[in-house]
Amino acid sequence: MDAVGADVLVRNNVTVSGNPDGRPMLFAHGFGCDQNMWRFVAPGFEDRYRTVLFDYVGAGGSDLSAYDVERYATLDGYARDVLDVAQALDLRDVVYVGHSVSAMVGVLAAAAAPERFGALVLIGPSPRYIDDEDYVGGFTEDDIQGLLASLDSNYLGWSSAMAPVIMGNADRPELGAELTASFCRTDPEIQRRFARVTFLGDNRQDLGRVAGLPVLVLQCSDDVIAPEAVGRYVHEHLSGSQLVKLSATGHCPNLSAPEETIAAIASFLDGG
Amino acid sequence: MVDGFYAALREDDPEELYDNAPCGYLSTLPDGTIAKVNQTLLTWTGHHREELLEGRRFQQMLPAGDRIFYETHVAPMLRMQGYVREIAVHLVCRDGRRLPVLVNSVVKRDAAGEPRRIRIAVFDATERRAYEAELLTARRRAEDSEARATALARTLQATFLPPAIVSPPGLDVGGAYRPAGDGSEVGGDFYDVFETGRGTWAVVLGDVCGKGLSAAVVTSLARYSVRAEALRTPYPCAVLASLHDVLVRYHPEQFCTAVFVALDRTAEGVRLTVSSGGHHLPIRRRRDGSLDTIGETGTILGMLDTPRLTDTATLLQPGDFVVLYTDGVTEARRDDEFFDDDRLRAAISRRHGVGAQELADGLVAEVLEFQRGVARDDIAVVVIRVP
């Protein structure tokens, strides 16, 4: 690996595990948290796949100093992070698993470098969150302003509560104290910008740019962020995609229903 | 009597306490479906118990923006660390009103460690959030005015330098400048290149002591005084003497150093006449690679009653370079080490076969690199080359 590749692995806090000879499986986290979102899902594939986890620049354990306002002003900048990681490890025939906004990031990355991708798994995808004429994304621009306000007020609260205070189930913490302190917390300005890029964007046109790639769309029940109609829209506009509805509710089946999520992905990959 | 009262208090009916506690309580399934809610929360929000217990999720009580925040941040944190504290959201009341609240939640697990329910405590935070909103507005305003001040500094700074250097005919002149730090403060370095008459040109470079607005005013004055005076007299020392007088008269507490160079063409070649008011003398690199300085360092301008300034003339030959610079170059520091004169001379010697602009840019870049990218002082360099 060249020096640039090594830099990318540090910059994006890349974690490689699983079967070194297996097909590469690249997991991309969504807006809000970091690669820990895959904590319960990625191990389910480690026996057969080479699993690659990373944090986008600006999230989790990434190098915040590498954050470039212009580069990350569009999802293409995030897609470049994905491609940088794929290139640094020279991944081919990648199974890309993208949650939330990373579903569209994966579509952009696969359109830009189709030779690296073998399959896409899109969990809770939405090509546009804001309603537009006949299209129902589920939100209005005012709602997104509300989200920015919410991020702001919670930043105020968090700045004083940064120290990890263990309460409740201290005997069975899923995360170590160190991760607890940083999980879902990053530079508030970067978070604001990522929120804008995620929720104010429109990538409906990009769905047509990945052709001939097997795609699985995983739709949760009662997902307030990516409603069922949006999942169906994605499925209808991605030729050859499969739509699977999970009984898991909410927006993060990778956390709330990891077994069901693993089973759905495995069945798709095994041609089921 | 008193004992009996306390005893009764100690046995405060838990049921009654739950319902009318001074905070709202909810118990939900792991996915947020509300299973139990206390009276306080119902009173605050106006919701009816039956409506909330008909499969409504806690996150559905939040407005859309807060709901996204909840799903993308709070729900993952709850699942991963088992609790959240002081989450600031709103509850949408039955009449559409939004109640600002702070939320603490704890995940209750079964023996196998599986999440079974979430216990949520809700605190009315109307006053506190109003105050925080004011703080936030104040912070934004402070950030805005800081950004405006920086923009102002940059605009002002831009007037200290010519937008582009026009080289006199038959000469090659280049200039480079780098403000101190992040450029948010106005520095006092200036330079200029302009025609003073038929076939005569002037190059001036100076440094007003101090920073900020008062230095900026003087820097602006210095640049324009020099321009005006240079059109009246052909003698560099007279131009600087005039600048000295202006400083003494209008800004007695301010002083500056400057070097003024007059260029004209004679039968023998390009003649350079230089005067320095307390400023580093220009360094010449001759075609054969030898280095020398030109002129005599006079007194700092605006300081003494009577300045001591002299003119020194020399002929430049094809291939000669003359480098004018401010002390941001030689006094650039890395730990206890200065960039100093020797490094500057070495840097000038090393750069062969370059144009004036390239040499100026190269020197500024090297000084900047020496300071690990952060300039402690403004850096200005002007280079005159005889092609």
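Quick look at the numbers
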read-out	value
Considering residues of the stretch A:40-72 that are among the hydroxyl-bearing types (Ser, Thr, Tyr) and farther than 22 Å from A:ASP270 by Cα only, the residue nearest to the chain's Cα centre (by Cα)	A:TYR56
Which listed residue is over 28 Å from B:GLY170 (Cα atoms), modelled with pLDDT of 95 or more and touching a strand residue (DSSP E or B) at 6+ places or on another chain (Cβ under 7 Å), from B:ILE300, B:ILE294, B:ILE384, B:ILE283	B:ILE300
Near pairs, Cβ below 6 angstrom, 6+ apart or cross-chain, from the stretch A:139-157 (facing chain B (nearest Cβ under 7 Å)) to any residue that is at pLDDT below 90 and crowded, with 17+ Cβ neighbours inside 10 Å	A:LEU151/A:GLN191; A:LEU156/B:GLU132
Meets criteria (over 29 Å from A:ASP134 (Cβ atoms) and crowded, with 19+ Cβ neighbours inside 10 Å) for A:LEU255	yes
All positions within the stretch A:27-56 that are surrounded by fewer than 24 Cβ atoms within 10 Å (Cβ to Cβ) and of a type in the set (Asp, Glu)	A:GLU46, A:ASP47, A:ASP55
Matching entry among B:ILE120, B:ILE68 (being aliphatic (A, V, I, L, M), touching a Gly at 6+ places or on another chain (Cβ under 9 Å), surrounded by 18 or more Cβ atoms within 10 Å (Cβ to Cβ) and at the interface with chain A (Cβ under 9 Å from one of its Cβ atoms))	B:ILE68
Lone unmet requirement of (1) more than 17 Å from B:VAL218 (Cβ to Cβ); (2) buried (at least 24 other Cβ atoms within 10 Å of the Cβ) for B:LEU240	(1)
Number of the condition not met by B:VAL186 [criteria: (1) β-branched (Val, Ile, Thr); (2) assigned to a loop (DSSP other than H, G, I, E, B); (3) modelled with pLDDT of 85 or more]	(3)
Per-region count, the stretch A:224-260, residues farther than 15 Å from A:ALA103 by Cα and under 17 Å from the mean Cα position of the chain (by Cα)	6
Enumeration of residues in the stretch A:65-76 that are buried (at least 20 other Cβ atoms within 10 Å of the Cβ) and assigned to a helix (DSSP H, G or I)	A:TYR72, A:LEU75
Close pairs from the stretch B:74-94: first within 7 Å of another protein chain (Cβ to nearest Cβ), partner among the aromatic types (Phe, Trp, Tyr), Cβ under 6 Å, at least 6 apart	B:MET80/A:PHE183
Pairs where the first residue, in the stretch B:258-281, is on the phi > 0 side of the Ramachandran plot and the second is of a type in the set (A, V, I, L, M, F, W, C) and part of a strand (DSSP E or B), C-beta under 7 Å, 6+ apart	B:GLY269/B:LEU315; B:GLY269/B:LEU316; B:GLY278/B:LEU301
Residue list for the stretch A:219-272, restricted to those being more than 14 Å from chain B (Cβ to nearest Cβ), in a strand (DSSP E or B) and touching a helix residue (DSSP H, G or I) at 6+ places or on another chain (Cβ under 6 Å)	A:GLN219, A:SER241, A:LEU243, A:VAL244
Scope the stretch B:341-364; condition hydrophobic (A, V, I, L, M, F, W, C) and without any contact (Cβ under 8 Å) to a residue 60 or more places away in the chain; matching residues	B:ALA346, B:ALA347, B:VAL354
Residue match in the stretch B:320-330 (condition: part of a loop (DSSP other than H, G, I, E, B), surrounded by 13 or more Cβ atoms within 10 Å (Cβ to Cβ) and polar (S, T, N, Q))	yes
Subset tally (residues that are of a type in the set (A, V, I, L, M), under 24 Å from A:ASP222 (Cα atoms) and free of Cβ contacts under 8 Å to residues at least 40 places away in the same chain) for the stretch B:1-46	2
Wholly within the stretch A:82-188, helices (runs of 4 or more DSSP H) carrying at least 1 residues that are at pLDDT below 95 and closer than 18 Å to A:CYS33 by Cα	A:141-160, A:177-182
Any hit, the stretch B:122-135, residues being part of a strand (DSSP E or B) and of a type outside the set (Asp, Glu)	yes
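The values are calculated or read from the model by the stated rules, or taken from the named source; none is laboratory data. Fair warning: this is a prediction, and the values are worked out from it, not measured in the lab. So basically every Cβ, Gly included, is an ideal-geometry build from the backbone, and we count neighbours across all protein chains shown.
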